[in-house]
Amino acid sequence: MIKFVSEKDGCLYKDGRIDRIIERLYRLLESCRLCPRECKVNRLEDNKGFCRSGKDLIISSYGPHFGEERPLVGFSGSGTIFLTNCNLRCVYCQNYEISHLGIGKKVKIEDMAEIMIKLQNMGCHNINFVTPTHFLPQIVKSVGYAIKRGLNIPLIYNSGGYEKVETIKLLDGVFDIYMPDIKYGSNDMAKKYSNAPDYFERCTDAVREMHRQVGDLKIENGIAYKGLLIRHLVLPNGIAGSDKVLKFVKSLSDNTFINIMDQYRPYGDISEYNELKRRITKKEFYEVLNLAKKYGLKRVYPTV
């Protein structure tokens, strides 16, 4: 597989289009409008908005990850890079120290490229950017450096789903696999638990665009190399609004790959939210799996 080669569009890197994408993304940082928050702070001058991120890349950790979906992990793991901070504020975040407390360290663009090459040399099947939205210009620029150094494995955009569709459109041809969460089917729940009152519309608009770019998930020899993979975390007491989420997924394609996740645990800053202070029950989990079956979704993980 040759990275950045599209059957229709040719090579983003060789024809210089990647440079124009980087330029347009950096322009968005001058009055930051990368995500739906549109904080309009000048991050190039290291001012910080909702995501509490300035001009520098900040990562918390990286390495082969074996806890992702099987088509991403394969035999050698997913080359995961955890970006620090987030454009959501989920009170129950399972990565609370990274997303809320900002645990991480600044890295140079060139050093980020070397991390990608290191992960590739370790045998990882892909480069998996976790929570990349607020660092997109820096990430794509670092990818450009990494390509010069021989990076040729798929890139994964692993996000919380709160995206600006105009920004996602700029990325057409850059990322091979989009892996968004669809956290809620209700804006009221999104506002209450993630401070994102327009979450469902923003998320679904962006996911439609992701699907337009890369289509359904494509797997060869057990390893995913292109396409859309959706995640949906089941929350206690029906908070996630799974029925509406699954109806939307069905509207994309019967073959949309969706991971319905049961690993919620009470964590983060939930002291004022009694409804989140327990794990989900087996009954709650299987109700969502059965909904997926009811709507005719053919690629549900775990298998219905």
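Observations on the model:
- Qualifying residues in segment 113-128 (those that are buried (at least 24 other Cβ atoms within 10 Å of the Cβ) and closer than 19 Å to L171 by Cα) - the one nearest to the chain's Cα centre (by Cα): N128
- Among residues of segment 249-258 being in a helix (DSSP H, G or I) and not basic (K, R), the one that is surrounded by the fewest Cβ atoms within 10 Å (Cβ to Cβ) is S251.
- Residue in segment 230-248 that is at pLDDT 95 or above, over 21 Å from R279 (Cα atoms) and assigned to a loop (DSSP other than H, G, I, E, B) present: no
- Residue list for segment 37-80, filter: of a type outside the set (A, V, I, L, M), outside any loop (DSSP other than H, G, I, E, B) and surrounded by fewer than 17 Cβ atoms within 10 Å (Cβ to Cβ): E45, S61, G63, P64, R70
- Scan of segment 98-123 for residues that are in contact with a helix residue (DSSP H, G or I) (Cβ under 9 Å, 6 or more places away or on another chain) and of a type in the set (S, T, N, Q), ordered by number: Q120
- Residue within segment 129-143 that is small (G, A, S), touching a residue at least 12 places away in the same chain (Cβ under 8 Å) and surrounded by fewer than 24 Cβ atoms within 10 Å (Cβ to Cβ) present: no
- Top-ranked residue in segment 129-159 [being within 14 Å of the chain's Cα centre (by Cα) and part of a helix (DSSP H, G or I); ranked as farthest from C86 (Cα to Cα)]: I139
- Count - residues of segment 81-92 that are closer than 21 Å to I260 by Cα and surrounded by fewer than 22 Cβ atoms within 10 Å (Cβ to Cβ): 2
- Members of segment 155-175 that are more than 18 Å from L88 (Cβ to Cβ) and either in contact with a His (Cβ under 7 Å, 6 or more places away or on another chain) or basic (K, R) (or both): K169
- Qualifying positions in segment 188-229 - buried (at least 16 other Cβ atoms within 10 Å of the Cβ) and in a loop (DSSP other than H, G, I, E, B): N195, A196, L217
- Test: residue in segment 160-171 that is among the small types (G, A, S), touching a residue at least 24 places away in the same chain (Cβ under 8 Å) and either more than 21 Å from G77 (Cα to Cα) or not in a helix (DSSP H, G or I) (or both): yes
The values are calculated or read from the model by the stated rules, or taken from the named source; none is laboratory data. Everything numeric in this text was worked out from a predicted model, so none of it was measured. Neighbour counts are summed over all protein chains in view; Cβ atoms, including those assigned to glycine, are modelled from backbone coordinates with ideal geometry.
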